[in-house]
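The block underneath contains the structure these notes are about, expressed in structure tokens.
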Amino acid sequence: MNIDLHTHSTASDGSDPPGRVVELAAETGLDVIALTDHDTQEGVDEALTAAKRMGIELIPGVELSLQFDDGGMHLIVLWLQPGSGPLQDRLAGLQQGRGARNERIVELLEHAGMPLTIDEVLEEAGGGTVGRPHIAAVMMRRGYVPDIRTAFDLWLGAGRPAYVGRDRLYPEEAISLARESGAVPVLAHPHTLGITTAAAMADVLDQLKRAGLIGLEAHYSSYRAHERAGYADLARRFDLLPSGGSDYHGTYKPGLSIGSGYGDLVVRGDLLEALRDRAGT
């Protein structure tokens, strides 16, 4: 069994509609994928319909950006059922914060001599949640930057002239809401935490474990084999379950394919059942 527990669609900042993400997964030979768009589950119904048609399993999920001063902390939440619930109900507020942030970014870019309109960005997003990759794509199309990476490196990334922060959940609150909703919280791509010592990583994982964290994303597209093995061992040492996924975004992450990442990613199916057993607990 081949799985991918970290994918994005046009419901947030991916380039492919939710149904197409599922079709690509099936064409690639995957048996199970999770749709984990940023702060929204708007694409889940479409993905579930496509999964039923294609004969693969779709796990509803979401990815949350959390408040963490030392770096970027993201939480993958698996088996988050669409509808009302403790975390589900908080997503609406997070979406409103994204809208105000995007308008401010457009203003800052105009002041920097790169005018574009929020309507262009909304069109690029295709009706889904608007994120910085959509703004970067419009910048690229207008000729302001050669590619999306440059847009982030020079303008949209943290600390750059057009970066705007937004409201985020604190880690303990997000994990608690996920567990209360019957879902499985997984720390995503832990390298983005910006932690450089084993002691500091231990402190953070101890804190998250006490809050109810269940898994850690050990198998990730940009990791080398020894890094994946190291993060899997780290998960076991803190009694966390290893997880994995490609972080597929379509054309917004060139060269990265669903299921296989940059070509060598394999997320084994046996990781799935251990995580699944924790849903609803």
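The values are calculated or read from the model by the stated rules, or taken from the named source; none is laboratory data. Computed from a prediction, not measured in an experiment: that's the story for all the values here. In this analysis, Cβ positions are derived from the backbone assuming ideal geometry, glycine residues included, and neighbour counts consider all displayed protein chains. Accessible surface areas use protein heavy atoms only, side chains included; no ligands, DNA or RNA. Shrake-Rupley method; radii C 1.70, N 1.55, O 1.52, S 1.80 Å.
Output the residues belonging to region 9-31 that are buried (at least 23 other Cβ atoms within 10 Å of the Cβ) and within 22 Å of residue 260 (Cβ to Cβ). Residues satisfying the conditions are 9, 10, 12, 13, 14, 18, 21, 22, 25, 30.
The residue of region 203-238 that is most open to solvent (accessible area, probe 1.4 Å), among those that are over 23 Å from residue 14 (Cβ atoms) and in contact with a Lys or Arg (Cβ under 7 Å, 6 or more places away or on another chain), is 238. Taken over region 267-281, the criterion of being in a loop (DSSP other than H, G, I, E, B) and over 18 Å from the mean Cα position of the chain (by Cα) is satisfied by 269, 277, 278, 279, 280, 281. Of the residues making up region 98-127, those that are exposed (fewer than 15 other Cβ atoms within 10 Å of the Cβ) and small (Gly, Ala, Ser) are 99, 100, 112, 113, 127. Filtering region 263-281 down to residues that are in contact with a Phe, Trp or Tyr (Cβ under 9 Å, 6 or more places away or on another chain) and surrounded by 14 or more Cβ atoms within 10 Å (Cβ to Cβ), which residue is nearest to residue 134 (Cα to Cα)? Among them, the one singled out is 265. For residue 34, the conditions (1) crowded, with 22+ Cβ neighbours inside 10 Å; (2) in a helix (DSSP H, G or I); (3) among the small types (Gly, Ala, Ser) are fulfilled apart from (2). On the stretch given as region 131-148, residues that are closer than 17 Å to residue 250 by Cα and surrounded by 14 or more Cβ atoms within 10 Å (Cβ to Cβ) total 10. Determine, yes or no, whether residue 153 is among the acidic types (Asp, Glu), in a loop (DSSP other than H, G, I, E, B) and exposed (fewer than 15 other Cβ atoms within 10 Å of the Cβ). For residue 153, the condition - among the acidic types (Asp, Glu), in a loop (DSSP other than H, G, I, E, B) and exposed (fewer than 15 other Cβ atoms within 10 Å of the Cβ) - is not met. Any idea which residue in region 163-192 is most open to solvent (accessible area, probe 1.4 Å), counting only those that are under 15 Å from residue 94 (Cβ atoms) and part of a helix (DSSP H, G or I)? So, considering only residues that are under 15 Å from residue 94 (Cβ atoms) and part of a helix (DSSP H, G or I), the one most open to solvent (accessible area, probe 1.4 Å) is 173.
Under the condition of being over 12 Å from residue 38 (Cβ atoms), at pLDDT 95 or above and either charged (D, E, K, R) or under 15 Å from the mean Cα position of the chain (by Cα) (or both), the residues counted in region 74-100 number 3. Filtering region 240-269 to residues that are among the aromatic types (Phe, Trp, Tyr) and at pLDDT below 95 leaves only 252. State whether one or more residues within region 190-210 are in contact with a helix residue (DSSP H, G or I) (Cβ under 8 Å, 6 or more places away or on another chain) and within 21 Å of residue 35 (Cβ to Cβ). No, region 190-210 contains no residue that is in contact with a helix residue (DSSP H, G or I) (Cβ under 8 Å, 6 or more places away or on another chain) and within 21 Å of residue 35 (Cβ to Cβ).
Among residues that are part of a loop (DSSP other than H, G, I, E, B), open to solvent by 20 Å² or more (accessible area, probe 1.4 Å), within 23 Å of residue 192 (Cα to Cα) and of a type outside the set (Gly, Ala, Ser), residue 160 is included. Do you know which residues across region 239-262 are in a strand (DSSP E or B) and open to solvent by 40 Å² or more (accessible area, probe 1.4 Å)? Within region 239-262, 241, 257 meet the criteria. The residue of region 44-87 that is most open to solvent (accessible area, probe 1.4 Å), among those that are in a helix (DSSP H, G or I) and out of contact with any Leu (no Cβ under 7 Å at 6 or more places or on another chain), is 52.
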